[in-house]
Amino acid sequence: MSDDFEGLRAVVTGGASGIGLATASELAARGARVAVLDLSPDVSPPLTGVRCDVSNDTEVVAAVATAATTLGGIDIVVNNAGIGAQGDVTANDDTEWHRVLDVNVLGMARVTRAALPYLRASTSAAVVNTCSIAAWQGLPNRVLYSASKGAVLAMTLAMATDHLDDGIRINCVCPGTADTPWVGRLLDSATDPAAERAALAARQPMGRLVTADEVAKAIAYLASPLSSSTTGTALAVDGGMYGLRPRPR
Ligand code: NAD
């Protein structure tokens with residue numbers, strides 16, 4: 001069984017930056033035709049950019065149709081677009097809750113819903129959702145973000161069972177803190193960015209941040225025929241954060 005993507009057609013949301021860009025590039029390097037759906041889809045060939053706000057259903061329906069026409073169908077959906085939210089339960093009002101859940105949870109449901117007819121027609125259909133360690137572990141000051149990723153995990157399992165007989169495998173990855181532009185922005189806003197980076201690294205037993213490429217390779221595995229018996233599961237890419245205790249270094 002091959003781990004290449006020759007002849008396969010993939011849609012990656014949030015594919016213009018960080019984990020999404022690394023994933024789109026990995027799939028393309030292995031032979032897939034890839035459309036990136038993003039708010040600012042400024043990507044270089046061979047990737048094709050399609051502007052899409054995943055919180056807008058009309059845009060999602062149009063962008064998925066455009067991607068399917070451009071690629072000649074869709075075999076793989078990587079639901080990766082997501083936004084952050086910080087603070088305890090008092091930190092975000094209802095408007096902010098709706099905004100984050102609309103992107104992080106409904107965004108993945110909308111894109112999957114729009115892509116379903118194409119996935120049903122594929123003989124190698126896979127959906128991979130970017131979840132987070134925050135779905136499993138109580139991280140400080142991340143109530144809203146964690147709620148959104150908990151929903152992504154549960155939604156992944158529920159969708160996987162619904163679409164078993166359609167031949168569509170649906171899984172998610174749970175990254176720990178990954179070195180992406182998002183985390184860069186977070187560190188830039190800290191009082192002491194170097195100390196904050198060291199604290200985030202120390203939280204992961206391997207003592208370092210995960211790279212976007214490492215998450216991309218895990219997503220590629222779940223999207224490829226190599227994982228043909230795997231559906232309804234979550235793969236941690238977290239430097240050991242979920243299973244191990246951080247150790248003093
Ligand atoms: P990033 O900010 O570098 O990239 C996110 C991309 O999503 C950007 O290109 C952005 O334009 C796009 N995007 C944002 N809102 C969108 C919308 N409404 N519609 C379409 N596109 C939109 O972030 P990243 O760190 O690569 O994170 C990607 C995913 O990984 C997110 O779902 C995030 O929750 C998850 N994640 C990240 C980390 C981490 O430490 N970086 C850890 C766990 C999970």
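The values are calculated or read from the model by the stated rules, or taken from the named source; none is laboratory data. For clarity, every value in this text was computed on a predicted model and none was experimentally measured. Here the Cβ is made from the backbone with ideal geometry for all residues, glycine too, and neighbour counts use every protein chain on show.
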Query raised in the report: Is it fair to say Ala236 is crowded, with 16+ Cβ neighbours inside 10 Å, without any contact (Cβ under 8 Å) to a residue 60 or more places away in the chain and within 20 Å of Ala24 (Cα to Cα)?
Result: no
Query raised in the report: Here are some conditions: (1) near the ligand (Cβ under 9 Å from one of its atoms); (2) assigned to a loop (DSSP other than H, G, I, E, B). Pro46 meets all but one. Which one does it not meet?
Result: (1)
Query raised in the report: Condition test on Ala68, is it among the small types (Gly, Ala, Ser), assigned to a helix (DSSP H, G or I), without any contact (Cβ under 8 Å) to a residue 60 or more places away in the chain and in contact with a Lys or Arg (Cβ under 9 Å, 6 or more places away or on another chain)?
Result: yes
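List the helices (runs of 4 or more DSSP H) inside the stretch 81-169, counting only whole elements, that have at least 2 residues being away from the ligand (no atom under 16 Å from the Cβ) and surrounded by 14 or more Cβ atoms within 10 Å (Cβ to Cβ). It would help to see each step written out before you state the result.
On the way: elements: 94-101, 107-121, 143-162.
Hits in the stretch 81-169: 107-121, 143-162.
Among the listed residues Arg113, Arg99, which satisfies the condition of being among the basic types (Lys, Arg) and under 28 Å from Asp165 (Cα atoms)? So that I can check it myself, show each step before the final result.
Numbers: Arg99 fails: under 28 Å from Asp165 (Cα atoms).
Exactly one of Arg113, Arg99 is among the basic types (Lys, Arg) and under 28 Å from Asp165 (Cα atoms), namely Arg113.
So is Thr191 polar (S, T, N, Q) and within 21 Å of Leu39 (Cβ to Cβ) or not? Can you show your working first?
Details: polar (S, T, N, Q): yes; within 21 Å of Leu39 (Cβ to Cβ): no.
Considered against the rule, which asks whether it is polar (S, T, N, Q) and within 21 Å of Leu39 (Cβ to Cβ), Thr191 comes out as no.
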Requested in this report: Filter the stretch 3-43 down to the residues that are touching a helix residue (DSSP H, G or I) at 6+ places or on another chain (Cβ under 6 Å) and assigned to a loop (DSSP other than H, G, I, E, B), then identify the one that is surrounded by the fewest Cβ atoms within 10 Å (Cβ to Cβ).
Outcome: Asp3
Requested in this report: Output yes when any residue across the stretch 63-77 is at pLDDT 95 or above, under 17 Å from Ile19 (Cβ atoms) and hydrophobic (A, V, I, L, M, F, W, C), and no when none is.
Outcome: yes
Requested in this report: Could you figure out which of (1) within 16 Å of the ligand (Cβ to nearest atom); (2) assigned to a loop (DSSP other than H, G, I, E, B) isn't true of Cys172?
Outcome: (2)
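Identify, from the list Thr58, Thr13, the residue that is closer than 22 Å to Glu214 by Cα, within 14 Å of the ligand (Cβ to nearest atom) and of a type in the set (Ser, Thr, Tyr). Step through it out loud before you land on a result.
Working: Thr58 fails: closer than 22 Å to Glu214 by Cα.
Matching residue, one of Thr58, Thr13: Thr13.
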**Report entry** Single match in Ala85, Ala62 (criterion: farther than 26 Å from Ser228 by Cα and touching an Asp or Glu at 6+ places or on another chain (Cβ under 9 Å))
**Finding:** Ala85
Query raised in the report: Pick from Gly31, Gly18, Gly49, Gly14: which is more than 17 Å from Leu116 (Cβ to Cβ), touching a Ser or Thr at 6+ places or on another chain (Cβ under 6 Å) and assigned by the TED database to the domain that holds Ile83?
Result: Gly18
